[in-house]
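Everything on this sheet refers to the single structure shown next.
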Amino acid sequence: MTIKLFIDTGHNPGNINAGAIIEGIVEQAINFTVTQMLAQLLDSDCRFAVRTSRMYPQQVLGTDTASSLQERVAMANAWGADYFFSIHCNYNNVPAVNGSEIYVYAQNSIAWTMASTVLPILCATAGTNNNLVRVNPALYVLRRTTMPALLVELGYMSNPQDLNKLINDPFSFAYGLYSGILYYFLRVNTIEYPCF
């Protein structure tokens, strides 16, 4: 059985639902790069079907923040995705704050279990600190999706070490997510290995 994964590239280019900008480095561009790398890894694996919210770098979803979030969720729901991942980078006014974390709608859920499996592998692969899985039911993409949803904060753009990794080694984040996702499904016996 093919597992349908929807990968949302967090934020847009321009001013509509724009993400963080640090010294001219734009969050949405990092999100797009990691999303595309992750989608390629998953797409080359016959056990997964993949769709992304933004198909090309200049694509803008929605006309304001609310409609941008609505459009992403609507695409995943309409497709009937089995799981939803939203890819982001973090920011903090304190530059020392660093690491990766994943947000889910509720504890003791499928999304919580998946995030708890994926995050340590992401951190080990990308070389970031594990800031643990966190619950935030207020996030639109977590509360309005009809499937288990994870919002991944890859690292802190406000931290020089994290930012260096995000810029110079985005593949380690994509591969960490892919490895974590694969391990989760192998662990819960949803898929068999190897894939032919």
* Within the chain, which is the longest segment containing none of the GluC sites (Glu not before Pro) that sit in a DSSP loop and have at most 13 other Cβ atoms within 10 Å? -> 24-191
* Structure fact -> What helix-only [θ] at 222 nm does the chain give? Using -39500 (n - 2.57) per DSSP H run of at least 4, over all residues, to the nearest 500, the answer is -13000 deg cm²/dmol
* Structure fact -> Projecting the Cα atoms of His11, Asn168, Ser158 onto the charge dipole of region 3-187, where Lys and Arg contribute +1 and Asp and Glu -1 at Cβ, the residue farthest towards the positive end is His11
* Asked: Using alpha carbon centroids, what distance separates region 45-105 and region 117-163, in Å?
  -> 11
* To do: Sticking with the crude label model, points 7 Å out along Cα→Cβ, report the distance from Ala49 to Thr2 in nm, one decimal please.
  => 0.5
* Under 20 Å from a point 7 Å along the Cα-to-Cβ line of Asn168: which residues of region 125-145 have their amide N that close? -> 125-129
* **Two-decimal ratio, the chain, of alpha-carbon radius of gyration to 2.2 N^0.38 Å** => 0.95
* To do: Please list, in chain and number order, the residues 5+ apart from Phe48 or on another chain whose amide H is under 5 Å from its amide H, with Hs placed from the backbone.
  => Ile3
* Sequence-distant residues sharing a close amide H with Gly99 (under 5 Å, placed H) -> Asn129, Tyr156
* To do: Please list, in chain and number order, the residues 5+ apart from Leu150 or on another chain whose amide H is under 5 Å from its amide H, with Hs placed from the backbone.
  => Phe84, Phe85, Ser86
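When only Cα pairs under 8 Å and 6 or more residues apart are kept, what is the percent relative contact order across region 3-187?
On the way: 381 pairs, mean separation 49.4, N = 185.
Answer for region 3-187 is 27 percent.
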* Dipole magnitude of region 3-187, debye to nearest 20 (Cβ charges: Lys/Arg +1, Asp/Glu -1, about Cα centre) -> 420
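Laboratory data are not the source of any read-out in this text; all were calculated from the coordinates shown. Just so it is clear, the model here is predicted, and its values are computed rather than measured. Counting neighbours? That spans all protein chains shown, and the Cβs are built from the backbone with ideal geometry, glycine included.
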